[in-house]
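To start, the structure itself, in structure tokens.
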Amino acid sequence: VEPSVERRTVKTPKIDATDFMVGGYVGTYSAEDFGVNPVFGARLAYHISEDFFAEAIVGRTETSRTSYERLSGAADLLDDSERRLTYYNLSFGYNLFPGEVFVGRGRAFNSAFYVTAGVGSVKFAGDDRFSVSVGAGYRLALNDWLALHLDVRDHMYEVDLLGSNKNTHNLETALGISVFF
């Protein structure tokens, strides 16, 4: 018996496992005690293997007044230039769930859910602070050179604005676009 099954052609993705990726992102940054504000930044990543990658990130936001500053009237803790928050991170990531997203009958996009962890520096309130960041994200490769990202990160660092040291958790959510090269 000869089966008469018509075979479909499969188009394999042409994304190298050792590609560089550069991109930008926008989102929100919740600086503890200083409100939720827009953030923007850039990333450069190197995909070491199919599972592991390293990335360098730089981001910037302008923080708001604290509730103490708003309630007290004119008692500002920081001047306008000290409210600018800039961070730099070097992170390593792991693709937990690489896979595909199917849209309709004929479209499939490569995707990955990933986790990251890294160290960096935060410049805020006239001081540079050591930071640790952990996060998770979802990457959707639209084709062999373009990808969308959805990221959530926690930037942890120590602040001593009121005379005592306080460890802060500063959550960031971002939507970005990247180009592979």
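Within the set of pairs 6 or more residues apart or between chains, which connect a residue that is open to solvent by less than 30 Å² (accessible area, probe 1.4 Å) inside the stretch 153-181 to a residue that is not in a strand (DSSP E or B) with Cβ atoms less than 6 Å apart?
If the second residue must be not in a strand (DSSP E or B), the pairs left are T168/E32; N170/A31; N170/E32; F180/D19; F180/W145.
Is there any pair with a first residue in the stretch 31-44 that is under 13 Å from L77 (Cβ atoms) and a second that is part of a strand (DSSP E or B) and not hydrophobic (A, V, I, L, M, F, W, C) whose Cβ atoms are under 6 Å apart and which are 6 or more apart or on different chains, and what are they?
Within 6 Å, the pairs are A31/N170.
For the structure I just gave you, tell me whether S164 is out of contact with any Pro (no Cβ under 8 Å at 6 or more places or on another chain) and outside any strand (DSSP E or B).
Taking the combined requirement at face value, the residue satisfies it.
So, of the residues in the stretch 90-147 that are open to solvent by less than 20 Å² (accessible area, probe 1.4 Å) and over 24 Å from R60 (Cβ atoms), which turns out to be modelled with the lowest pLDDT?
Checked the stretch 90-147; the qualifying residue modelled with the lowest pLDDT is A141.
Closer than 28 Å to F20 by Cβ, in a strand (DSSP E or B) and among the hydroxyl-bearing types (S, T, Y): is that true of T116 in this structure?
On the way: closer than 28 Å to F20 by Cβ: yes; in a strand (DSSP E or B): yes; among the hydroxyl-bearing types (S, T, Y): yes.
Spelling it out, T116 is indeed closer than 28 Å to F20 by Cβ, in a strand (DSSP E or B) and among the hydroxyl-bearing types (S, T, Y).
Filter the stretch 46-58 down to residues that are surrounded by 15 or more Cβ atoms within 10 Å (Cβ to Cβ) and closer than 10 Å to G93 by Cα and give me whichever is modelled with the lowest pLDDT.
Looking at the filtered set, the residue picked out is H47.
Quick grid of which residues meet (1) within 13 Å of the chain's Cα centre (by Cα); (2) closer than 25 Å to D80 by Cβ; (3) of a type in the set (K, R):
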residue: A125; (1), (2), (3): no, yes, no
residue: N143; (1), (2), (3): no, no, no
residue: D154; (1), (2), (3): yes, no, no
residue: D160; (1), (2), (3): no, yes, no
residue: V179; (1), (2), (3): no, no, no
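The values are calculated or read from the model by the stated rules, or taken from the named source; none is laboratory data. Computed from a predicted structure; not experimentally measured. Every residue, glycine among them, receives a Cβ derived from its backbone with ideal geometry; neighbour counts consider all protein chains shown. To get the accessible areas, we keep the full protein, side chains included, count just its heavy atoms, and leave off ligands, DNA and RNA. Shrake-Rupley method; radii C 1.70, N 1.55, O 1.52, S 1.80 Å.
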